[in-house]
Amino acid sequence: MPKMTNKCAVITGVTGQDGAYLSQLLLNKGYRVVGVARRSSHYGVSTHRLDWLGITKDVEIVDGDLLDLGGLSRIVRSARPDEVYNLAAQSFVKTSWDQPVLTSQATGVGAVNVLEAVRLEAPEARFYQASSSEMYGLIQEPIQSETTPFYPRSPYAAAKLFAHWMTVNYRESFGLHASSGILFNHESPLRGLEFVTRKVTDAVARIKLGLATELRMGNMDATRDWGHAKDYVRAMWLMLQQDKADDYVVATNRTVSVRAFVDAAFAHVGLDPEQYVSIDPAFLRPAEVEVLHGNADKAARALGWKPEITLEQMIGEMVEADLARWRDRA
């Protein structure tokens, strides 16, 4: 039985991985959830993550665009939210080199538009900005915390850094309860196929079922701090329950290589990755981020947050979900 509350939350990017899991979390707590989604002729496709969680009918989806301040203001004015979560962005790093201007506008300026809509229409609302570990880029410290200098290495990361600092500015200049979560890589069965983790688990499922024979990869030696999106959206909510707004790293404090992730996914189905994996230079980044390793001690101390789902559990869940998807298509 969900805990009853009179709170309302507005979520941009509601049809994405994090938006879907956050919606589920808030609905279970009794929130009214207003989800902002960019108008698309592929509505049934765009809501598939909400469908997968069985919550599409429970989320009030409204058309909105991060580049339309007037539209965002009307949404905030109508919803009168207690909390606003800005999760929308052009979030695929590889695409940001092909579309740097669009990425800068949607991921960077778009966040400012949401902040401005909150400042104008609901200044008492609490605001969350989805910052990214990609902002650390060419790492300046072996383990990255809230005080580690940033060094973005992609248009996406640079746009996220602009949005991050504008959140700080709105907090300090206008007194908004505006917090940023510097989230390290977080995955799930709802991750898009363009991201390497889901690309891997989907390919492993197809190979296991005899539907594919090869997995082509880029840099297998890059290391990441991977957690589960369900754990990470809980951290977002906890940030907005604090008396004082602040910025927090959200990570597992554990890093593994892409190769290790691939090996674990193949091991889950009893296959040898050496027989199926090949390297394709087309999947290499123009400027690689070799290592990301988060220190989430502040979140543990101040929020009482810690991850509950292990990397191995997450990989198993993702592979099983992709196996089920492909079997359903047979």
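The values are calculated or read from the model by the stated rules, or taken from the named source; none is laboratory data. Because the structure is predicted, anything quoted here is derived from the model rather than measured. With ideal geometry, Cβ positions are generated from the backbone for all residues, glycine too; neighbour counts draw on all protein chains shown.
Brief remarks follow.
- Listing of helices (runs of 4 or more DSSP H) fully contained in the stretch 8-84 that carry 1 or more residues being in contact (Cβ under 8 Å) with a residue 12 or more places away in the chain and basic (Lys, Arg): 48-53, 69-79
- Strands (runs of 3 or more DSSP E) contained entirely in the stretch 204-281, each with at least 1 residues that are polar (S, T, N, Q): 277-279
- Extreme residue, surrounded by the most Cβ atoms within 10 Å (Cβ to Cβ), among residues of the stretch 94-139 that are closer than 20 Å to residue 241 by Cβ and charged (D, E, K, R): 126
- Taken over the stretch 163-174, the criterion of being hydrophobic (A, V, I, L, M, F, W, C) and either outside the structural domain of residue 115 (by TED's automatic domain parsing) or over 13 Å from residue 114 (Cβ atoms) (or both) is satisfied by 165, 168, 174.
- Test: residue in the stretch 199-212 that is within 26 Å of residue 103 (Cα to Cα), outside the structural domain of residue 103 (by TED's automatic domain parsing) and crowded, with 22+ Cβ neighbours inside 10 Å: yes
- The condition (being of a type in the set (Val, Ile, Thr), assigned by TED's automatic domain parsing to the domain that holds residue 14 and surrounded by 17 or more Cβ atoms within 10 Å (Cβ to Cβ)) is satisfied by just one residue among 262, 277, 249, 319: 249.
- Applying the criterion of being of a type in the set (A, V, I, L, M, F, W, C), touching a helix residue (DSSP H, G or I) at 6+ places or on another chain (Cβ under 7 Å) and assigned to a helix (DSSP H, G or I) to the residues of the stretch 129-174, the residue that is farthest from residue 254 (Cα to Cα) is 174.
- For the stretch 196-247, the candidate set comprises residues that are polar (S, T, N, Q) and over 16 Å from the mean Cα position of the chain (by Cα); within that set, the residue that is nearest to residue 184 (Cα to Cα) is 223.
- Residues within the stretch 109-164 that are modelled with pLDDT under 95 and among the aromatic types (Phe, Trp, Tyr), tallied: 1
- Filter pass, residue 172 being modelled with pLDDT of 95 or more, surrounded by fewer than 20 Cβ atoms within 10 Å (Cβ to Cβ) and over 22 Å from residue 65 (Cβ atoms): yes
- Looking across the stretch 175-193, the residues that are among the polar types (S, T, N, Q) and not in a loop (DSSP other than H, G, I, E, B) come down to 179, 180.
- Qualifying residues in the stretch 175-195 (those that are surrounded by fewer than 15 Cβ atoms within 10 Å (Cβ to Cβ) and in contact with a helix residue (DSSP H, G or I) (Cβ under 9 Å, 6 or more places away or on another chain)) - the one modelled with the lowest pLDDT: 194
- Residue in the stretch 219-239 that is farthest from residue 318 (Cα to Cα), counting only those that are aliphatic (A, V, I, L, M) and surrounded by fewer than 20 Cβ atoms within 10 Å (Cβ to Cβ): 238
- Residue list for the stretch 75-93, filter: at pLDDT below 95, within 11 Å of residue 13 (Cα to Cα) and either surrounded by fewer than 22 Cβ atoms within 10 Å (Cβ to Cβ) or of a type in the set (S, T, N, Q) (or both): 90, 91
- Filtering the stretch 298-316 to residues that are more than 20 Å from the chain's Cα centre (by Cα) and either loosely packed, with under 14 Cβ neighbours inside 10 Å or without any contact (Cβ under 8 Å) to a residue 40 or more places away in the chain (or both) leaves 301, 304.
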